[in-house]
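S.K.: One structure, pasted below without further comment.
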Amino acid sequence: MLIPEYENYQEGKKHGRNAFPFDIYPCTIPQDFQMVPIHWHEDMEIVYVKKGSGIISVNLTDYEVYAGSFVVILPGQLHSIATKNLNRMEYENIIFSTDLLQSKLFDISETEYLMPFFAGNIPIPVHFYKGVPQYEEIVSLLDNCDKLGTEKPEGSELLIKAHLLTIIFLLINKCRLSVSRIIKPKNLDRMKTALKYIELHYNEKITIDEIAKETGCAPSYFMKIFKKNLGVPFIEYLNDYRLIMGARLLTETSKSIMEISYLIGFDNLSYFNRCFKKKYNMSPGKFRK
């Protein structure tokens, strides 16, 4: 798999066929790409780890994942995937549109279960691993979906839909939590706004005043909630995002290192080289090789 084009945080990639929007594709980090930057989309996603270990962030909470475990990501949730200590991690992305399971004719299964579930109004665990209730049942269904998607027997779409609905039934009926997420929706929306602004303007000069205004916060309050929710100061995060874009350009294009440094918002080549080496433990030139 080539490095994916996560050019937008609100990912617009279509998964599967238009007539059956379901897809499973394998990924390996850092072989295919260094990390998947934080983003969101309107599809549901399950990240199923096959080998190695890593860190998956969902709605700004980090989960340490390893072979056999999987993470459930609901539509609209911010998420990212990264290695831990540069360890290799092989995983499958299982992605499908909610339209696949919803019908134009509403019934109780739609209004009482599917719609609230996809909206995130039914609290469920995010990270599943051996020992967690219903883990074995759900993993068996995921493995079967993988087999059906590979072998494609006649009518496989019917069974895949049945498996997906069964997984959601188990999540709602057997895994439902008594408490909801801690993160405040208002702050989550502010973080989405800030991240979208970075995505659109990372190659420009961005000030704290500008980004705070976009989120409707005073600069001091914005810096406080950004660090609290993202774990790092805004400027550090902005530079880190620029470096991720720089690493992508180094592997995907033949542009000079100086040109790349300017394209991603660094106006000083020496500073770019220092920051890049600090993040990736090697110079941009060596990274390209």
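S.K.: Given charges of +1 on the Cβ of Lys and Arg and -1 on the Cβ of Asp and Glu, with all other atoms neutral, how large is the dipole of the stretch 142-228 about its Cα centre, in debye to the nearest 20? Please list the in-between numbers first.
M.R.: Numbers: 16 positive and 11 negative charges, 137 e Å.
So the magnitude is around 660 debye.
S.K.: Could you tell me which of the pairs Lys152/Lys192; Lys51/Lys224; Lys161/Lys192; Lys51/Lys147 are separated by over 29 angstrom between their Cα atoms in the structure shown? Intermediate results must be reported in sequence, preceding the final value.
M.R.: Values: Lys152/Lys192 38 Å; Lys51/Lys224 37 Å; Lys161/Lys192 31 Å; Lys51/Lys147 18 Å.
Table pairs above 29 Å Cα-Cα are Lys152/Lys192; Lys51/Lys224; Lys161/Lys192.
S.K.: So what is the calculated 222 nm ellipticity per residue for the chain, using -39500 (n - 2.57) for each DSSP H run with n of 4 or more, over all residues, to the nearest 500 deg cm²/dmol? Don't skip to the answer; put the middle values down first.
M.R.: Numbers: 10 runs with 119 residues, N = 289.
Calculated from helices alone, the mean residue ellipticity at 222 nm is -13000 deg cm²/dmol.
S.K.: Between Glu64 and Tyr25, what length comes free when the chain is fully extended (0.36 nm per residue of separation minus the Cα-Cα distance, one decimal in nm)?
M.R.: Net length gain for the segment: 11.9 nm.
S.K.: Once a ≥ b ≥ c are taken as the square roots of the eigenvalues of the Cα gyration tensor of the stretch 205-289, is the result rounded (a/c under 1.5), prolate (a/b larger than b/c) or oblate (a/b not larger than b/c)?
M.R.: Values: a/c = 2.87, a/b = 2.17, b/c = 1.32.
Prolate.
S.K.: Kindly express, to the nearest 10 degrees and within the range 0 to 90, the angle between helix 185-201's C-alpha long axis and the longest C-alpha principal axis of the chain.
M.R.: Between helix and principal axis, roughly 50 degrees.
S.K.: Let me ask another. Counting only protein heavy atoms and a 1.4 Å probe, tell me what percentage of the chain's accessible area is made up of carbon and sulfur. Intermediate results must be reported in sequence, preceding the final value.
M.R.: Numbers: 7950 of 15080 Å².
Carbon and sulfur atoms account for 53 percent of the accessible area of the chain.
S.K.: Follow-up. Using +1 at the C-beta of Lys and Arg and -1 at the C-beta of Asp and Glu, which of Thr150, Thr207, Trp40 has the Cα lying farthest in the positive direction of the dipole of the chain?
M.R.: Result: Thr207, furthest along the dipole toward the positive end.
S.K.: Right, next: Given Lys84/Lys278; Lys227/Lys277; Lys196/Lys227, which pairs have Cα atoms separated by over 20 Å?
M.R.: Working: Lys84/Lys278 16 Å; Lys227/Lys277 23 Å; Lys196/Lys227 17 Å.
In this structure, Lys227/Lys277 lie more than 20 Å apart at Cα.
S.K.: So how tilted is helix 156-173 from the main axis of the chain? Cα-based, degrees 0 to 90, rounded to 10.
M.R.: Computed tilt is about 80 degrees.
S.K.: Which angle between 0 and 90 degrees, to the nearest 10, do you get for helix 269-280 versus the longest principal axis of the chain when only C-alpha atoms count?
M.R.: Approximately 40 degrees, to the nearest 10.
S.K.: What percent does the relative contact order of the stretch 196-289 come to when contacts are Cα pairs within less than 8 Å and at least six residues apart?
M.R.: Working: 71 pairs, mean separation 23.2, N = 94.
After rounding, I find 25 percent.
S.K.: Let me spell out the model: positive unit charges on the Cβ of Lys and Arg, negative unit charges on the Cβ of Asp and Glu, origin at the Cα centre of the chain. What dipole size does that give, in debye rounded to 20? Each step should come with its number before you reach the end.
M.R.: Numbers: 35 positive and 34 negative charges, 246 e Å.
The dipole magnitude comes to about 1180 debye.
S.K.: Assuming 0.36 nm per residue, please report the length gained on full extension of the stretch Lys205 to Leu158 beyond their Cα-Cα distance. Don't skip to the end; give the middle numbers.
M.R.: On the way: separation 47, 0.36 × 47 = 16.92 nm, distance 5.10 nm.
Separation in residues times 0.36 nm, less the Cα-Cα distance, equals 11.8 nm.
S.K.: Something else: Note down the relative contact order for the stretch 93-248 as a percent, whole number, built from C-alpha pairs under 8 angstrom at least six residues apart. Please list the in-between numbers first.
M.R.: Numbers: 80 pairs, mean separation 29.5, N = 156.
Averaging sequence separation for qualifying contacts and normalising by length gives 19 percent for the stretch 93-248.
S.K.: So how much slack lies between Arg176 and Ser256, counting 0.36 nm per residue of separation and subtracting their Cα-Cα distance, in nm?
M.R.: Numbers: separation 80, 0.36 × 80 = 28.80 nm, distance 5.20 nm.
The span from Arg176 to Ser256 would gain 23.6 nm if fully extended.
S.K.: Additional query: If you take the charge dipole of the chain about its Cα centre, with +1 on Lys and Arg Cβ and -1 on Asp and Glu Cβ, which of Ile225, Val49, Tyr25 is farthest toward its positive end?
M.R.: Value: Ile225.
The values are calculated or read from the model by the stated rules, or taken from the named source; none is laboratory data. Please read these numbers as outputs of a predicted model, since none were measured by experiment. Every residue, glycine as well, gets a Cβ built from its backbone with ideal geometry; the counts of neighbours run over all protein chains shown. Only protein heavy atoms, including side chains, enter the accessible area calculation; ligands, DNA and RNA are left aside. Shrake-Rupley method; radii C 1.70, N 1.55, O 1.52, S 1.80 Å.
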